[in-house]
Amino acid sequence: MQASPTSSKVRKQRVSGSRHAGRGSGHSSPRITTELDVRIGVFRQPAMQTPVLVLNASYEPINICGARRALVLVLKGIARTEEEQGTVLHAAREDVAMPSVIRLLEYRRIPHQTRALSRKNILLRDRNSCQYCGIILTASELTLDHVIPRSRGGLSTWENLVACCHDCNRRKGNQLLHELTDMKLMREPRPFSLHTSRHIMRMIGSADPNWRRYLYFDSEPELQFVA
């Protein structure tokens, strides 16, 4: 299968321009991440990895999953496409429109559960931005950094893992932050909370009419993400 966009392909560019401008005179201050930056970083993913809003049978938004997973649910008859994203997947027998919003055909009770610690969820929590310089990148362009390096006793926990660009990862190396004068965290890393899920859901969907009509901006439904 091969995905081909129906509209002209957006030229790939880094949202923050020069990654470390002015490094010769010291590390530049972390940039302020905007909602538009996050949306650009998330939706710059390859077509099969772009986020899709998942609705319950009652039209309540309950999850976000990747386009590949959404297609599987549609093709298995578990869900139906409510909105399309404008990309067509060319298969051997038919052309399939890539979904932007899908709805489950049977109502499912969504229990509250703790988010699994994973690379994907760390990047979601950190809004696809390096936690040292603030640059917005796609998932494939980011890595994870142990704030306290594993070689110095650091563990793989929510509080010790952050999204990081490769430049900052190399610069930090095996050092602790208090040993560096030009690097610091943009925010304290914390577990992926329900509040984080709601915030990301709204940032992604606030400017997209395909998503916005299904999202609640006045009330606070309990939302989760597909791991």
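The values are calculated or read from the model by the stated rules, or taken from the named source; none is laboratory data. Quantities reported herein were computed from a predicted structural model and do not represent experimental measurements. Backbone-built Cβ (ideal geometry, glycine too); neighbour counts: all protein chains shown.
None of Ile136, Ile148 is buried (at least 22 other Cβ atoms within 10 Å of the Cβ) and on the phi < 0 side of the Ramachandran plot except Ile136.
The numbered conditions (1) of a type in the set (Asp, Glu); (2) modelled with pLDDT under 90; (3) closer than 28 Å to Ser206 by Cβ are all true for Glu141 except (2). Selection of strands (runs of 3 or more DSSP E) fully inside the range 58-175 by the criterion of at least 1 residues being within 20 Å of Met186 (Cβ to Cβ) returns 142-146, 161-165.
Residues that are under 17 Å from the mean Cα position of the chain (by Cα) and not hydrophobic (A, V, I, L, M, F, W, C) were ranked within the range 49-60; the one that is surrounded by the fewest Cβ atoms within 10 Å (Cβ to Cβ) is Gln49.
When the range 51-95 is limited to residues that are of a type in the set (S, T, N, Q) and in contact with a Ser or Thr (Cβ under 9 Å, 6 or more places away or on another chain), the one that is modelled with the lowest pLDDT turns out to be Thr87. Before we move on, is Ser4 surrounded by fewer than 13 Cβ atoms within 10 Å (Cβ to Cβ), out of contact with any strand residue (DSSP E or B) (no Cβ under 8 Å at 6 or more places or on another chain), modelled with pLDDT under 80 and under 30 Å from His166 (Cα atoms)? Criteria not met by Ser4.
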